[in-house]
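Worksheet: the structure to be examined is printed underneath.
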Amino acid sequence: MIAHSVFFYIFSLIAIVSALMVTVSKNTVHSVFFLILDFISISCLFIMIGAEFLGMIMLIVYVGAVAVLFLFVVMMLNVAEQKGQWFSSRWDGGTHIPIGLLVSLIIFFELIIVIGGWKYKPDLLNSLSVNISSDVTNTRSIGNVLYTDYILLFQISGMILLVAMIGAIVLTFRERAGVKRQSYVKQISRERDEGVDLVHVEKNKGVKIDA
Amino acid sequence: MDSYFSILFTEVYKILFLLVPVLVSVAMIVWLDRRVWAFVQKRRGPNVVGPFGLFQSLADALKYIFKEIIIPASSNKLVFVLAPVVTMTLALISWAVIPFGEDFVLADINVGILYLFAVSSLGVYGIIMGGWASNSKYPFLGAIRSAAQMVSYEVSIGVIIINVLLCVGSLNLSDIVMAQQNLWFVIPLFPMFVIFFISALAETNRPPFDLPEAEAELVAGYQTEYSGMMYAMFWLGEYANILLMCAMGAVLFLGGWLSPIDIFPFNAIPGPFWLIFKILFLFILFALVKATVPRYRYDQLMKLGWKIFLPFSLFYVVLTSSFLLYFDLLPGK
C-alpha cells in the first residue's frame, strides 16, 4: 500500500510539474514534449486506479497520434520569428491575455461546480454512473455500457467526428494543375505492339521517326 | 518491508532473465540479417570474426563503444542525448507482455495487445526527437518522413488487430494464443497476415520502406549526426523493434508458443522454442524482402497505406464480424 501511494505521488508530481512546464517553457517544441510527458503520467495514474483500458487508449490516441501532429505543426512553424513575441514583457495590445483569463475563469468555475457536487452529494457518482463489478475486465464493462445504453450518443459522436474530418479535408483541399499522376492500370496494360515498332530499314534510306 | 524487497529482487531477476537474451539475440539477428542478405546476392557476408562470423556484431558493438560520441554544437543537447535512450527503452519494455509459454510471461496484463500497440506508437518519438534535436536538414527531413510513415501504417495495424480480436474476444495476449489451439489465425485471416507483414516492414523502417534513412537522398536520415554508442543504441533499438514486430506477428497469427500439430515429436518441444522458431521464420522473411525488393517512392508508400491497406482491412473487419455473427461463432458469450 505504501508503494502504491509513493507511485501515486511520483506520477501526480510529474503530471503537475510537466503541465506547468507546458505553459512556462520558452521553446514551443519543449512545451509539446512536456505535454507528452503529462499525458504519459496521467495514463499511468489511470492504470493505477485500475482503468487499464482508458490508460492505454489515452497513450494510443493522445500520445501516439494527437501529440505527433502537434509536434509536426510546431516544428513546421517558424518558431524563431515568433520567439519573444508571445508573453513578451512589452505590451503588444494584450490580445491574448483577456481571452486566456476568461477561459481559465470558466474552467475554474466548472471545477468548483464538480468538486462542490462531490462535497454536497457524496453519492452523486453512484447515482449517475453504472456500477462496475470487479470480476469483469474493464474493457468488457466499458463495451457493455457503450454499445447498449449509450449506443445512440456513441454513434452521434462518431458522425460528428466524421463530418468534422470531411469538412477539414474539403476546406484545405486544392486542386493543383500540372500534376503527373501515376496510373498502375495504364502502366501494366501497355502491350508490346504499342510500345515497340519493328521497322525494316532500307539501305541508304533511313527512317522517318515522327511519321 | 523484507517481503517487499524479496518481491522486488525476484522481479528484477525475471526482467534480467528476459532482457539479456533479447539483447544478445538482437546482436545475433543483425548477423543473420547480413548473412541472409549476402546469401541472396551471392556474396559471403560477415564471415571473419569467430565461427561463421558469428561474433561480427560483438566486434561492431565494441567498435561503437570505443568511438567518440560527437554532439553537434548547435544541437539541442538534452533532447539529442535523450532520443536514442527513448528508442532503446521503448524497444525493450514492450517485451514484458510477450508470452513465451503458458504462464511464462513477465506481465500477463488484461490489455496486453493495447500495451504493445501503444508502446510501438510511442516509438515515433525517439526518431522525431533525434531528427529535431540534431538541428540539421537531413535528420529533420528523415524524422518527418519517418513519423508520417509510422503514423500512417499504425492505422492499418490497429485495424488488423481488431480483426484478430474479433475472433478472440479478449485483449490478453495469452488468450489470443490459446484461441488459436485449433486453427492458427493465419489461415482464416491470411490477407490480414500479409497486410500485417507489409505494415510491420513500414512500421520498423525496413526496406522497401526505408525512406527515412534513404542514403541516396538523406545520408542516413535521422541518425546522420549520431556517432559512437548513441548511434549503436538507435541501431539496437531498431533491430529490437523488428524482432518485436516478428514476435507480434507470431503471437497474433502463427499461434505463439503452440506447436503446429499436436502429436508427439512436435508437442514435446517446449513452447518458448516454437515461439523463437516462428520469430526467426518471420525475421528471415523480413531479411529476404530486404534483399530482393527495391525502395518505394514516398507517394507510393502513402498511397499503399491510406488508399489500399486501410480500406481493405476495414472491409475485412466487416467481413470477419459478419461471418462470425452469421455462423454464430462470436467468442465470449
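The values are calculated or read from the model by the stated rules, or taken from the named source; none is laboratory data. Predicted model only: the values in this text are computed from it and were never measured. A quick note on method: Cβ atoms are made from the backbone with ideal geometry, for glycine too, and the neighbour counts reach across all protein chains shown.
Of the residues screened, A:Met58 is one that is within 12 Å of chain B (Cβ to nearest Cβ), surrounded by 14 or more Cβ atoms within 10 Å (Cβ to Cβ) and modelled with pLDDT of 85 or more. The number of residues in the range A:158-184 that are within 14 Å of chain B (Cβ to nearest Cβ) and among the aromatic types (Phe, Trp, Tyr) comes to 1.
Taking the criterion of being farther than 12 Å from B:Val22 by Cβ and surrounded by fewer than 24 Cβ atoms within 10 Å (Cβ to Cβ), the residues of the range B:235-248 that qualify are B:Trp235, B:Glu238. Of all residues assigned to the range A:16-26, at least one qualifies as being within 20 Å of B:Lys77 (Cβ to Cβ), assigned to a loop (DSSP other than H, G, I, E, B) and in the same structural domain as A:Val66 (by TED's automatic domain parsing). Being surrounded by fewer than 21 Cβ atoms within 10 Å (Cβ to Cβ), polar (S, T, N, Q) and within 13 Å of another protein chain (Cβ to nearest Cβ), is that true of even one residue in the range B:123-144? The answer is yes; a qualifying residue exists. For the structure I just gave you, tell me whether B:Ser322 is over 23 Å from the mean Cα position of the chain (by Cα) and free of Cβ contacts under 8 Å to residues at least 24 places away in the same chain. Yes, satisfied.
Exactly one residue out of B:Ser156, B:Ser120, B:Ser174 is at the interface with chain A (Cβ under 10 Å from one of its Cβ atoms), on the phi < 0 side of the Ramachandran plot and modelled with pLDDT of 85 or more, and it is B:Ser120. Look through the range B:160-171, keep the residues that are within 13 Å of chain A (Cβ to nearest Cβ), in contact (Cβ under 8 Å) with a residue 60 or more places away in the chain and part of a helix (DSSP H, G or I), and return whichever of them is nearest to B:Tyr226 (Cα to Cα). Looking at residues that are within 13 Å of chain A (Cβ to nearest Cβ), in contact (Cβ under 8 Å) with a residue 60 or more places away in the chain and part of a helix (DSSP H, G or I), I get B:Ile161. Out of B:Phe315, B:Phe286, one residue alone is within 26 Å of the chain's Cα centre (by Cα) and either within 28 Å of B:Ser174 (Cβ to Cβ) or acidic (Asp, Glu) (or both). It is B:Phe286. Just one of the listed residues (B:Ile113, B:Ile93, B:Ile109) is over 23 Å from A:Leu69 (Cβ atoms), within 13 Å of chain A (Cβ to nearest Cβ) and part of a loop (DSSP other than H, G, I, E, B), and it is B:Ile109. Counting only residues that are farther than 12 Å from B:Gln181 by Cβ and modelled with pLDDT of 80 or more, which one in the range B:249-272 is nearest to the chain's Cα centre (by Cα)? Looking at residues that are farther than 12 Å from B:Gln181 by Cβ and modelled with pLDDT of 80 or more, I get B:Gly249. Scanning the range B:246-277 for residues that are in contact with a Leu (Cβ under 8 Å, 6 or more places away or on another chain) and in contact (Cβ under 8 Å) with a residue 24 or more places away in the chain yields B:Cys246, B:Ala247, B:Met248, B:Gly249, B:Ala250, B:Val251, B:Phe253, B:Leu254, B:Gly256, B:Trp257, B:Gly271.
Comparison of B:Val22, B:Val86, B:Val81 shows that the only residue that is part of a helix (DSSP H, G or I), of a type outside the set (D, E, K, R) and over 23 Å from B:Ile128 (Cβ atoms) is B:Val22.
The listed residues are A:Val73, A:Val66, A:Val22, and the only one of them that is within 17 Å of the chain's Cα centre (by Cα), free of Cβ contacts under 8 Å to residues at least 60 places away in the same chain and within 11 Å of chain B (Cβ to nearest Cβ) turns out to be A:Val66.
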